[in-house]
Every structure is written in C-alpha cells, then in structure tokens.
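Written out below as structure tokens is the structure these notes cover.
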Amino acid sequence: MWIRKYDFNYGRRKLMENVAYGMGAGALMPLNKVFAAQGELSKAYPDELMSIDAYTKGKIKTGDTISADNVEIVKDLLDPCVYEQVKTMGRKFRIKKTCTDWTAMFPGEFYEATLRSVKSPAKFDADGNVVTQDGKTWGGGLPFPDPKTGDEVQANLCLSWGRGDYNQYAVNDTVLNPDGSIGYSYDLVWVELQAQARMDGKPFKGRTDLLRFQTVAFTASQDVAGSSFLSTWYYDQRKYPELYGYLPQFKRVRQFPTNQRFEPLIPGVTWFLSDPWAAGDPMRTWGEYKIIARKPMLGAFNTTMSLDKPNWVCGTHGGPKGTHFWDADFELAPEVVILESKPTGYPRAPVGRRLAYIDVRNNMYCGNIRFDRQDKPWVNFETGFGQYKQGGKTVFGADGKTPAWSWVYVMSYDMQTHRMSRARHLEQCAGGHKSVFKADNEEMYNKWFTQQAIQRLGQV
Amino acid sequence: MRQLSKFAAGLLLTPALAIAQEGGGFLDELLGDMDLRVNGFVRAESAYSTTQAKNRNNQEGNPFNQIEANRTAYLPPALALGAGKWGNLALGLNTTQLPIIGPVAQQLGLDGVLFSDQIQRSEFGFKSSVDPVNYMILRGESEAQLSINSHWNIIGRIRAIYQPDVIDGFDAHSVEAFQGGITGGEPALYQSRNPNYFAYRVEGSHHPNPLEISGRNYLVYFPALVLDYSSGPVNVRFGNQSIAWGQSIFFRVFDVPNGLDYRRHLILDRGLEEFSDKRQPQLSLRMTYQATDEILADAFIAKFQPTVYPNPGTPYNVIPVQFTVHDRYHQFGYDDKLNYGIRLKADYGQWGWQAMAAYRYNPDGTFRWTRSGVNKPLSGALGSLVNTVYNAKLPNCGSGYTPTLCRLYDNIGEALAETPFDAAPGGVYSADEWFNYAADVRLNGLTGLNAAIDPFPASRDVFATDVDLPTEFGGTVSQTESRRQADAELNTFFIAAGGSLRGHIERVYHREKVFGLGVSYVNESDNDFLNQLIFNLEAQYTPDRNYTNTGLENRFIRQNEYTISLVVDKWHRLFADFPGTYMVFQALTKNRSDLVGRHLNGYGSEQDHVSTGLGHNANYIVFGFLQPFPNKIWAVEMASLLDPQGGILVQPVLQWNPGKGVTIEAFYNYVNGHLWGKPTNNLVSTLDFADEVTVRLAYQF
C-alpha cells in the first residue's frame, strides 16, 4: 500500500497556517526558493493544488467547461462574483492546465529582474515607500518576490503596473446595459512609461522623484474622442499624481484636481481610475493592507490571448444577448492571496474596502472586487493576464526575444446595477494606435507624456 | 494626392461613410490602406424664449414700436440768424402737452401743429414679434485624421450648420413704402426679406474668411484643417486652426490668439463648453516646443481674422439695427495682416507659471461714425422744405463758404451721403429712442451727436451744428440744457428725414501688444475640502489699447488696460452615492472695459441722463459645477456669471447620455440685469431678453 506523505487537505491547511503565521507562499517548501532556482512548481505545491482533476477528485477535468451545471463543484475555487455570473448569467469558462513555466508568467526582462531581486529584495523606508536595502529607489522587477505582508503584496502590484518600461495598450471598452444591449463603445489608448523601477535600474531622464508617466487618450466614440489625460506619478506613494487634461470643450491643456479617484471618466463605464491593476491609486493613499486568505482558486491566470482572432478580439457568450462575457480560459492557481485594503486616504470615498485575488506565482491579480460603504459587493474589475503567444503566433515583448506578457481582457461588472464594462486589449484601436511593448522611451515620452503631447492628441 | 483626395472624401462624406461602414466593405475599398480616422456627429439645437422679451437690438424687439415719442422740429441755428441754439425757435407745436387743448387735439388726431408730432415706430411699419423661437439649427461636424507617417499628419474638422426659416424675423422689404425703403449697407445683411443668419460680409469682400462658405441659412467651415509635423519635442501645425491659452474658463485673459464667432448662439451655450466652437479659426503656423520636462514654449503666426458679430436682425444681434456697419477689414487691408504670439508655460510640482506676449490686431475692433454713402434726399413736408432750402444755397463758395448761405454739393442727397446718416426706415425716429439706445449700448448720446457733425463738413452743410456739452463732458452748460438742444436737433432731423435716420459706423482694427503673467498653485491639505484646490492667477496688461469712443468719435480712446483673473478648481465628493462634483470659481477684474470690450466710460447712462461712466473696475464672478450621476449617464451642471453691479446669468444644465450614440442636453438661461442699481451699470442687462430653454439632441457616428 502506498502511503501519501501528506493528506488531501494538507495543502489548503498549510496555506491557512501560512496566513496565520505571516509566512510567505508555498505549501511544501517556500515558493521563493523554487522560483529562485527556477525549479518545478510541484516542489512547492501538492498535486491537488495544481490540478483541477486532483482537486475535484476527477469530477472536473482539465479541458472541461464550467457552467451553471457543474459550478457548484468548484464554488470554493471562485470569487463570489464569478460564481454568480456562472450560476445565474450563463457564463462559462474552459479549464486549462495549470501553468508551471515561470517564464510564461512574466515579461522576459521583468522575470530576469525579479530573479535578481530574490537575492536582495526591497524594504519600506520610514515613509512607507519601497527602497533597496541601502535605501535607494527601487531598480526593477518585483520588489518583494516572497511577500509576507499585505503591504508587500500591494507594492508588487503598484510599482510597475505593466511590468515593462514602456507599454502601450490599444483598448476597446464596450459597456453593456443590464438587458445585454450595447450602450456605449469606446476606444482608447492607455500608455505607461516607468520613470523608475525600470528594467535597467536607472531613472528615466534622471527623475528620481517620479515613478511613472501615464496617459489615456480616447479615440472613439465621437463625444469623448480627443480627450486625453496625463498623470505624472511621484515615487513617493503618499502624494497624488499630477493630472493634466485636454478636453475638447476647452481646446487646451488644463490642470485638474486629482484626489477624486472614484469617478467614471466617461459615461456608462463601471470602472474608476482606482481600479486598474488593483493599484490605480498611489499605494499609501490606501491602507490597512491585510492578507485575509491564501487558497487555491480558479481564475484567468495565465489565460489565453486570442492572437488568432482579428484584432485579437475573441468571442463572447452569456448574459441576456449572449455577449456579456469574453470567452476565456481559467486555470487552477495553487495559491492565491486574498488581499484586503481600504481607501484610508479618501475619507469621502464611496468604497469601503477592496479584495484583490492575487496569484502568488507572479503576484498578479485576476479578481478585484470593491465593496461599497455598506460592505455590499459592488464591482469586480476582473482582469485576465497572459503571455502573447498562441499556436504559432507570438507577439514579442520589450526585449524582442521573449513573448510579450500583459493583460488580455477586463470585465468590470457592477453587481448592483448589472452593468458591464467589457474591455479588450487590441492589436489596434480607432485612430490607428497599435499596442506596443517595445519602443524608444525618449521618443515615446515626447509622443505621449508631455503637455505638448496631450495637446497634440486632442480634438482640433 | 491620392491619399489627400481620400482624406477630403473622408472629411466631407463622413455621414455617408459612416453608414457605409455599417454595411461593410465599401469603406475599406474606398480608403485602401491609408490610416484614416473619422468621426463626427449631427445635432439639432433649438432655444425657446420663456418670456415675451425680444432682442431690442432688432426691429421686432424695439420698445419704441409701442412707445410714443414726441417730436418737434426747430429752426437750425445755422438758419436762425442769431437765434443761437437748437431748440430756441420751434417750427411746430406739440399739442399733446398742452392743457385742455391737448386731449381734445389728440381725439382729433392732431398730435402737433406744423412740424410737430407724436409717433411710435409701429406707424412706420414696424411690429413687435412674440415668436418664442430664438434659435433652431441643425449642426453636423466631423473630424478626420490622416496619418502619413509617424511624423506627418493631416487633421481636418469640418462644421456645417443649417438654420431653417422658422423664426419670425424682420423683412426689410416690408418698409419699402417709407422713405424709399432701406438702401444703405451690404444688401445681403440690411435689405433682405429674412435675417441673414450666417453670411459673413465686410466692405468689398464676400469671403473675408477664405476657408468659410456661408450664406443666409448655412455656414460651412473648417475649425481646423492643418498639416501636422512632430519630431521629438517639436510640434508644428500649419493651416486653419484656433489656439486657446490659459487656465481661465470663459474669461479671456491669456486666450488672445483668436477672435470669436458670435453667430449662432452668442455666448449663451453651455457655460462649461466655454468657447469650444466659437474661436474664429485663422490661417496659422503654430509651433510648440517642449523645451524641458517642465517648460513648454508655444508660438504662433496667424493671418488676422476678426471677431464675427451676429448679423443684423438675427436673434442674438448685439449691434442695434438702427446702425449700418461698414466693416473695413478688407478695404483697409487688415486681411493681409499677421498676428504673432508666444507663451511659455512651466510646471514644477505644486507650482506653475506662465508668461505670454502677443503682437496682434485686437479682433474685436472699434467703431466710429463714417460717411453713409447713401445719396437720397430727405422726404416729407419738412424734408422737402429742407431740400429746397439746401438747393437755394449758393454752390462753389470756395473760401467764403458758410453753411448758412453756401452748399458743398449739388443736392442734399449728395450731401447726406457724406454724413454718417441716411434718411431711411428702421433707424432712429426720435431723440428719446436715440438716448435710450445710446445708454443701452454703453454710448454717450450727447458727445455722439457732436461726433457725427464735427468731422463731417457735409453735416454742417445740411444745417447740423454742435450742441453745447454739459460740464461733465468738457462743455459749459448743464446737462438739461445740453439735452434740450440735442433733443431739438435730433427730432428736427428725424422729422425732416420723413421718419428716421439710420446711422452709419465703420469698424476698424488696431494693433496692440499684449502681455500676460500667470501663476498656479495646487494646495495640499489634511482638510479634505481644501486638499487639491488648484489656484490660478492670470494677469494681462495691454498698453495703449484702443477702444470705441463712447461718442463714436473719429478719435478712439487709447488707454492702458489690465485684466486679472483668479480661478479655483476643486473636485469634491459631496454625496456618498454620487461621483465627485467638479467645481470652479472664478473672479475677474478689468480697469477699462467690460467683459466684451466696451469702454466703462459708456456705462451708467439712462434715457434721461448721460453718465460719465462706471468710475471703477468692471468685476465679474463665475461659479460653476458639474455633478455626474452614477455611471455618468446623467449629469447636472450649473454655471453662473454675477456682475456685482446688479446682473446675473444662471444656467442650469441637464445632460443625458443614454448610449447608442445619442446625447440629449437641456439648459435654461436665467438672465437678470435688473437685480439692483442701474441696469446699464452691469454687463448682463445687455442680454436681458435671453431667458430661454435650449434643447440639443445629438447623434454621433
């Protein structure tokens, strides 16, 4: 008779213990060590945390589709919003094999940088900002490859959103009414340039006071086309970004107050500036970061990017008109941190708290649920991330050698109004703007991140 | 060329292309492989008056259509042989003011005896309108961008507007039976059967804006049509464009590069839209250079295009139609002039600053009396008498000329053509109307009368002479006496004209140097309300700025002017269940002119009293907010403009964006220029007629 070293529930029990003891990721051994050695994920987790087949004892198999018919079997593995969508709104997802390839979970350069940071992770200075062990601003990669506290998990999310020095996303955001009809359809370009936490470890243009530049420029529909906003983020996460906007009605760049982060930028959408990356606001303007659970979960972790589809747009299904949800692959992540945080720096915020569901393998979120002041679930800013490689097609990342890795889709679902903002990372959006992962940073700075740039991008 | 032609097709045929796009393939086939971005919208806009008030600058809004005015003619001093002053020797008797006889005479229809009468404009064919529609247009706009490569783009925006004939406007032909009808001025503007809503005409040119096609009912132009070049920190745009500078909304402290186009809805559109569709585009070369991360340099060279005022008779006309305007933009060669300007803007964290200098022609221009050019004799009994007396004068007196005995011209028609007046209907009919309107448009009715005589020998030739001015205007008599003389002279000429005299003024432009400095500060505070308050202080200084003389004199007022504005922006969450409220507070002070450029010396007059002016700065306060509802599908806005001298404009707005490309907006303009003090001491009373509801229905493609 073969005697198992660990019983079936050992993995989950160990993860709960890790929470209680403030330990890092990993059930069988610290995940950090496996990662540093670029070792097999199975050294850190038992089979039942890495295989849906094992976890459900064969009731669900890799490749199966989860629907209302079988969702109860995996209810404990889903965030409550996704569970309700599957149970009541016709949502489905296919389960793919759990990814064990470390390099597929990061952009290539970011992976290398994170490997380096394992040897010398970051720390927080007296102001709560991330610094190196010798007190300098962070150089690049995950600052806390083995996060043990909520603050460290959040710092991993906020320091480099797109995990590259420069990222340019062509986006369509379609807003669906509760009856499934399309209410609004917007195209926009979201562009990020890291001033610090860069892959080369050097501040861009010597700006040690800044963290990043970020511009969003709307290109459709007509009523918002030509609106653009430039946010300049300070490295000091206690400070609000500077915000300059070009609005067609003003025909010029004006400075705008930036402390209101909980407002829809454009009509119909359900997301706020606060939502993207589960870190849309400077880290220290939120607080009370707390890991409330570590558990295996199903989610769009390492999901499939539909490079084979025109403009990278995949199919939809579910909802009243069969168009509510992106077709997406989920996988079983062996360990997901559920991170609670509160908008402590925004006394009048309509948000009471936020729960982010973060895969410890790459410290990236998938579910991101905010609750209102009455603690009712409000909006889930679900984001699927994955490598830009499918079949024989590959989109290369910043190094030009390894596949790009980025967000694939967003489904921002308002559980109270049943309105859905369904965004897709496109190859190209209205206005001819393409998604870009590799570009000359200086050139892009001039193109996107100066007041002159957003003036030029604006409606004439 | 192939791509350019496709760009033009994209811009002009956008609606058709949008439809075709839905149908598939056609668009792709037409546009080939070029990178073309096209979008646009169509919008129906209409405004309805909520009161009976009409614009008094138009014939149908003139209160003297119903108000009776007494007129008596007097013997001109030039013919009085020692009688001295206007008003000393009456040529008629006004019976209405006589005791006992007056009422009886009135019942018999005898308001006056000989050259004296009691009239109202309705007797001359003018009626007041009660049409509630102030504004009704259909607007289409589309923007296209052709990206040639990463450096070069062509960007175009076209705007087309159509105004159907649904507004009960003035028909110039309806008064043909009086005084030979309206004859002077640009026929398309002053002699048409319906108001000419959009045609832009100046003396000698029907196309003062080369990239505009406009007619009575339609307006098509390019707010932007530029070739755009970008390389590194440099951006250059050449073509038709408008440029907006500064942080102030609505207050044009730094916003000096372009004039405004007041056709359509004047300044009564949504306040928070500012002048988005009103800056008059001009052919320009604009260069911006991001000198450092913090400093932006922005410079332009532009073909000067003036501000375009609403045409006479159109609902929001700002120049009383008793005037005929001769715009000298083309005749005097201003259309060949260039404007220049540069602005430096820098931002350092919480602090920012900007500086600006422009060498430009002031787009507002100035006005003064000018010869009418209308050769038409006087009419009516007194007019015929004057014509005869004039013809009896001796011609060719040479150095022995005296207006009493000699004439400069062959006949009085020729003489009148050289004065600022022509005898035609639709002008001023009485001294009361003259002074009432002078006060209303912030002019001086007394000095204005002399200014129409002094520089014009022909005026003296037809027996006009100066009136004595009151001491406050440099004269020697009381205002009562001055006014007595002016009334007598004006009424004499109105009677002699056979009804009314139309005044002719010319619009000219002046070069000026404009300087600006600004500073901004973002406040950070633990107090949530005080946190992220953005302060912007902007100041403009213009030495030797020219203003319309309040007497429409040949010599303009030339003074140094400063304009200072303070803007405070705030975004604050007031309600837990609603998104944050965007609020803006602004204050403005100007030491010489009002918000629209009228000199403050013309303020404060009334029909019965001519004032020396406001005596202090013009000040304005603006407060506005935008409150979106959850998901921003609904939003309410409010904008207000307070003139502390007793006027207020309040504009609540409701917006609904139900999706599917449809947007509906409704806003109400509450205008009250009579809150306290004299209405002519505040700016807002000029718009007192404009209490109205505006509705817009837009569909975007």
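The values are calculated or read from the model by the stated rules, or taken from the named source; none is laboratory data. If you're wondering where the values come from, they're calculated on a predicted model, not measured in any experiment. FYI the Cβ positions are ideal-geometry reconstructions off the backbone, even for glycines, and counts take in every protein chain you see.
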Take the residues of the stretch A:267-291 that are within 13 Å of chain B (Cβ to nearest Cβ) and in contact with a strand residue (DSSP E or B) (Cβ under 6 Å, 6 or more places away or on another chain): which is surrounded by the most Cβ atoms within 10 Å (Cβ to Cβ)? A:270
Can you find, within the stretch A:217-239, the residue that is nearest to residue A:193 (Cα to Cα) among those that are at the interface with another protein chain (Cβ under 9 Å from one of its Cβ atoms) and not in a strand (DSSP E or B)? A:239
Qualifying positions in the stretch B:280-336 - within 14 Å of chain A (Cβ to nearest Cβ) and of a type in the set (Asp, Glu): B:293, B:294, B:298
Of everything in the stretch B:255-276 that's touching an Asp or Glu at 6+ places or on another chain (Cβ under 9 Å) and more than 9 Å from chain A (Cβ to nearest Cβ), which residue is nearest to residue B:196 (Cα to Cα)? B:264
Touching a helix residue (DSSP H, G or I) at 6+ places or on another chain (Cβ under 9 Å) and either within 18 Å of residue B:199 (Cβ to Cβ) or outside any loop (DSSP other than H, G, I, E, B) (or both): is that true of residue B:283 in this structure? no
Name the single residue that is nearest to residue B:345 (Cα to Cα) among those in the stretch A:434-457 being in a loop (DSSP other than H, G, I, E, B) and at the interface with chain B (Cβ under 10 Å from one of its Cβ atoms). A:450
Unique match (being assigned by TED's automatic domain parsing to the domain that holds residue B:318, farther than 30 Å from residue A:434 by Cβ and touching a residue at least 60 places away in the same chain (Cβ under 8 Å)) among B:137, B:148: B:137
Residues of the stretch B:157-201 satisfying the condition of being under 28 Å from residue B:496 (Cα atoms), among the hydrophobic types (A, V, I, L, M, F, W, C) and more than 20 Å from the chain's Cα centre (by Cα): B:172, B:175, B:177, B:178, B:182
Number of positions in the stretch A:231-258 that are under 17 Å from residue A:160 (Cα atoms) and either touching a helix residue (DSSP H, G or I) at 6+ places or on another chain (Cβ under 6 Å) or without any contact (Cβ under 8 Å) to a residue 12 or more places away in the chain (or both): 2
Scanning the stretch A:60-69 residue by residue, those within 21 Å of residue A:80 (Cα to Cα) and touching a helix residue (DSSP H, G or I) at 6+ places or on another chain (Cβ under 8 Å) turn out to be A:60, A:64, A:66, A:67, A:68
Of A:234, A:244, which residue is more than 25 Å from residue B:581 (Cβ to Cβ) and in contact with a strand residue (DSSP E or B) (Cβ under 9 Å, 6 or more places away or on another chain)? A:234
Among A:214, A:260, the single one that is crowded, with 19+ Cβ neighbours inside 10 Å, away from every other protein chain (no Cβ under 13 Å) and under 24 Å from residue B:524 (Cβ atoms) is A:214
Of the candidates B:204, B:239, B:180, B:232, the one satisfying the condition of being in contact with a helix residue (DSSP H, G or I) (Cβ under 8 Å, 6 or more places away or on another chain), surrounded by fewer than 22 Cβ atoms within 10 Å (Cβ to Cβ) and not assigned by TED's automatic domain parsing to the domain that holds residue B:384 is B:232
Some residue of the stretch B:356-373 being within 14 Å of another protein chain (Cβ to nearest Cβ), within 30 Å of residue B:533 (Cβ to Cβ) and modelled with pLDDT of 95 or more: yes
Residue pairs meeting the criteria (Cβ under 7 Å; at least 6 apart or on separate chains; first within 14 Å of chain A (Cβ to nearest Cβ) and surrounded by fewer than 21 Cβ atoms within 10 Å (Cβ to Cβ), in the stretch B:676-699; second of a type outside the set (Asp, Glu) and not in a strand (DSSP E or B)): B:699/B:661
Is it fair to say residue A:208 is surrounded by fewer than 24 Cβ atoms within 10 Å (Cβ to Cβ) and closer than 26 Å to residue B:348 by Cα? yes
Restricting attention to the stretch B:580-600, does a residue exist that is more than 11 Å from chain A (Cβ to nearest Cβ), buried (at least 19 other Cβ atoms within 10 Å of the Cβ), in contact (Cβ under 8 Å) with a residue 12 or more places away in the chain and more than 24 Å from residue B:559 (Cβ to Cβ)? yes
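This table checks each residue for (1) more than 18 Å from the chain's Cα centre (by Cα); (2) at pLDDT 95 or above.
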| site | (1), (2) |
| --- | --- |
| A:390 | yes, no |
| A:397 | no, yes |
| A:427 | yes, yes |
| A:433 | yes, no |
| A:441 | yes, yes |
| A:459 | yes, no |
Failed item, numbered, when residue A:248 is tested on (1) surrounded by fewer than 22 Cβ atoms within 10 Å (Cβ to Cβ); (2) farther than 20 Å from residue B:155 by Cβ; (3) facing another protein chain (nearest Cβ under 7 Å); (4) not hydrophobic (A, V, I, L, M, F, W, C): (2)
Scope the stretch A:142-200; condition more than 14 Å from every other protein chain (Cβ to nearest Cβ), among the hydroxyl-bearing types (Ser, Thr, Tyr) and assigned to a loop (DSSP other than H, G, I, E, B); matching residues: A:149, A:160
Matching residues, the stretch A:141-174, being touching an Asp or Glu at 6+ places or on another chain (Cβ under 8 Å) and among the small types (Gly, Ala, Ser): A:141, A:150, A:162, A:164, A:170
